[in-house]
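The structure under discussion appears below in the form of structure tokens.
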Amino acid sequence: MTDTDADADVVVVGAGASGLSLAWRLVSGAAGAGRAAPRVLLVEPPPGPLRSPERTWCFWEEGPGEFDDLLTAAWTRLSVTDGDGRTTTGACGTTYKMLRSTAYTRELGARLASSAGVRRVTGTVTGIRDVPGGGETTGVDADGRPFRLLSRWVFDSRPPRRLPPARTTLLQHFRGWFVQTRRACFDPSVAQLMDFRTPQPPPGGLAFVYLLPLSEDEALVEYTVFSTSVASTRTYETALRRYLEDTRRLGDYTVTETEHGVIPMTDGVFRRRAGRSVFRIGAAGGAVRPSTGYAFAALQRQATAVAAAYGAGRTPLPPEAHSWRHRTMDAVLLRALATGRIDGGAFFTGLFRRNPLDRVLHFLEGRSTPAQEWAIGLRAPVLPMVRTLGELPFVPLRAVQAERPSSGVRSAAVEHGGVQA
Ligand SMILES: Cc1cc2nc3c(=O)[nH]c(=O)nc-3n(C[C@H](O)[C@H](O)[C@H](O)COP(=O)(O)OP(=O)(O)OC[C@H]3O[C@@H](n4cnc5c(N)ncnc54)[C@H](O)[C@@H]3O)c2cc1C
């Protein structure tokens with residue numbers, strides 16, 4: 001054993017959204033219940049390509065939340081604009097909250113640093129396996145020395161090397177600019193979820209601009225595409241420039257920061273259990289909602305459930321992040337989109353125009369009731385959706401072909417914490 005070898009109750013691999021959240025829930029849950037804190041080792045790679053780049057998380061939350069002090073912005077009014085410029089705006093009962101990963105990482109890092117029982121280990125994990133009595137996590141530390149960690153349980157949040165076999169796999173890929181304008185251009189009370197006045201990919205995909213105003217002269221503006229392969233930086237930036245300069249006519253503006261991401265949208269099933277004592281959490285554990293790419297709220301729910309099971313002495317298997325019903329509806333939607341049976345822009349703008357906003361948001365948040373889903377279904381393109389639902393059981397699951405690096409998917413995905421091809 002070298003001096004980096006250690007044992008613990010729990011090893012958490014990865015200090016991104018899910019790793020930090022789980023480590024914090026484990027220690028805060030124990031403190032809240034008056035139990036001794038579990039000994040947690042939180043392993044993260046040294047600064048470099050394996051670290052997830054900074055990102056912006058948005059999520060819906062009803063009322064005040066635990067991270068409200070960390071938010072960059074929050075909205076209760078949302079809008080969607082179709083390709084002809086018709087806008088639907090509405091007020092919602094939940095708040096759409098924007099949290100920068102830097103703020104979250106700093107705050108949870110500080111909370112964990114003052115928690116007895118948590119130790120952070122800088123190292124790259126290369127192997128995790130069951131051993132008698134628990135799990136073994138091996139890797140190399142920042143100086144290239146091997147380490148070995150033994151624990152009762154291991155939670156792995158490393159991006160999966162491969163996506164699971166699926167009927168449909170699309171990528172949600174985007175590039176965003178934080179822009180500062182010379183004059184007041186934005187309404188900071190309204191978050192623009194989708195604006196379809198932007199170049200569209202061929203049938204089988206869709207594209208829109210997502211615009212989150214931070215003040216009258218500052219916003220995060222993202223060109224977002226759902227399709228089977230990522231685009232070049234130039235494609236995203238040309239679309240952003242056209243949108244800001246021609247569609248919105250913002251006048252002079254400065255790009256102060258950029259953000260880029262690739263999120264797989266798949267109806268494949270992520271295995272949450274990788275061994276007797278080894279579990280996957282976060283995006284690796286299926287937290288990404290297939291139809292939207294949102295994961296932050298789901299991975300918080302997963303972390304809370306795992307910590308509760310651990311505290312109660314049960315096997316801490318992370319629960320399914322999304323219900324069977326929602327995953328089935330998402331599978332239908334993904335396939336209807338990918339086959340070009342529905343027009344993505346018309347579908348999403350119709351969803352917001354023909355339904356009360358809270359009904360749509362309950363669906364997107366995964367807490368809609370069957371009655372709400374039925375109502376949404378009746379206002380959707382019924383025939384193509386029913387045909388897609390009917391054929392779903394007969395569509396084979398296919399392994400996802402990793403594209404060659406030259407296509408950009410692999411490098412972009414690794415760089416931005418998506419999928420390691
Ligand atoms: C740019 C971007 C924006 C997003 N925006 C939203 C949003 O607005 N709302 C939302 O709900 N979801 C969003 N998502 C989806 C999802 O919430 C995020 O991807 C989220 O960060 C997933 O958390 P995670 O812990 O599963 O993965 P990550 O946060 O990526 O964490 C994975 C961790 O594993 C570590 N790691 C990797 N390899 C190793 C190794 N070999 N050894 C040890 N550690 C390793 C990494 O350093 C990282 O810390 C976004 C995703 C991206 C990429």
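The values are calculated or read from the model by the stated rules, or taken from the named source; none is laboratory data. Remember, predicted model here, so these are calculated numbers, not experimental data. For neighbour counting, all protein chains shown are included, and Cβ atoms are generated from backbone atoms with ideal geometry for every residue, glycine included. The accessibility values were calculated without ligands, DNA or RNA, using every heavy atom of the protein model including side chains. Shrake-Rupley method; radii C 1.70, N 1.55, O 1.52, S 1.80 Å.
Just flag the trypsin sites (Lys or Arg not before Pro) in the range 63-161 sitting in loop per DSSP whose Cβ has no more than 13 other Cβ atoms within 10 Å. Kindly include the intermediate steps, with their values, before the conclusion.
On the way: sites: ARG77, ARG86, LYS97, ARG100, ARG106, ARG111, ARG119, ARG120, ARG129, ARG148, ARG152, ARG161; in loops: ARG86, ARG161.
Hits after loop and neighbour filter: ARG86, ARG161.
For the chain, what does the relative contact order come out to in percent, with C-alpha contacts under 8 Å and a separation of six or more? Walk me through the intermediate numbers first.
Values: 907 pairs, mean separation 82.1, N = 421.
Relative contact order comes out at 20 percent.
Residue ranking by accessible heavy-atom surface, 1.4 Å probe, largest first, among VAL43, VAL140 comes out as VAL140, VAL43. Between the helical axis of 344-354 and the dominant principal axis of the chain, each derived from Cα atoms, what acute angle in degrees is found, rounded to the nearest 10? The helix 344-354 is inclined about 80 degrees to the chain. For the range 324-400, with all protein chains present and a 1.4 Å probe, just round the carbon and sulfur fraction of the accessible area to a whole percent. Ligands and nucleic acids excluded, carbon and sulfur reach 65 percent.
Starting from a Cα-only point model with no solvent, please compute log10 I(q)/I(0) by Debye for the chain at q = 0.07, 0.09, 0.14 1/Å. One equal scatterer on each Cα of the chain leads to -0.34, -0.57, -1.36. Here's the picture: charge each Lys and Arg Cβ at +1 and each Asp and Glu Cβ at -1 in the chain, and of ALA336, GLY19, TRP177 the one pushed furthest to the positive end of that dipole is ALA336. Relative to one another, the C-alpha centroids of the range 199-273 and the range 284-325 are positioned 27 Å apart. Note on the range 305-410: Cα-Cα pairs beyond 17 Å make up 65% of the total pair count.
This model, with +1 at the C-beta of Lys and Arg and -1 at the C-beta of Asp and Glu, gives the chain a dipole about its Cα centre of some 1140 debye.
For the chain, the 222 nm mean residue ellipticity estimated from helices alone, with every DSSP H stretch of n ≥ 4 adding -39500 (n - 2.57) and the total spread over all residues, rounds to -8500 deg cm²/dmol. Axis of helix 17-32 versus longest Cα principal axis of the chain: the two differ by about 60°, to the nearest ten degrees.
Find, to one decimal place in angstroms, the Kirkwood hydrodynamic radius of the range 33-123, where the mean of 1/r is taken over every pair of different Cα atoms and then inverted. Please list the in-between numbers first.
Details: mean 1/r = 0.0608 Å⁻¹.
About 16.4 Å, per the Kirkwood formula over Cα pairs.
Heavy-atom accessible surface of THR235, to the nearest 10 Å², is about 60 Å², with a 1.4 Å probe and all protein chains retained.
The long axis of helix 296-311 is offset from the longest Cα principal axis of the chain by roughly 30 degrees. Which shape class, rounded, prolate or oblate, goes with the range 1-77 when its Cα gyration tensor gives a ≥ b ≥ c as root eigenvalues, a/c under 1.5 marks rounded, and past that a/b bigger than b/c marks prolate? Oblate shape, in that a/c is at least 1.5 and b/c is the bigger or equal ratio. Remark: the chain carries 45 Å² of accessible area per residue (probe radius 1.4 Å; ligands, DNA and RNA excluded). Take every pair of alpha-carbon atoms less than 8 Å apart whose residues are at least six positions apart; their mean separation over the length of the range 324-400 yields a relative contact order of 39 percent. Within the accessible area of the range 11-128, what % is carbon and sulfur when the probe is 1.4 Å and the other protein chains stay in place? Within the range 11-128, the accessible surface is 50 percent carbon and sulfur.
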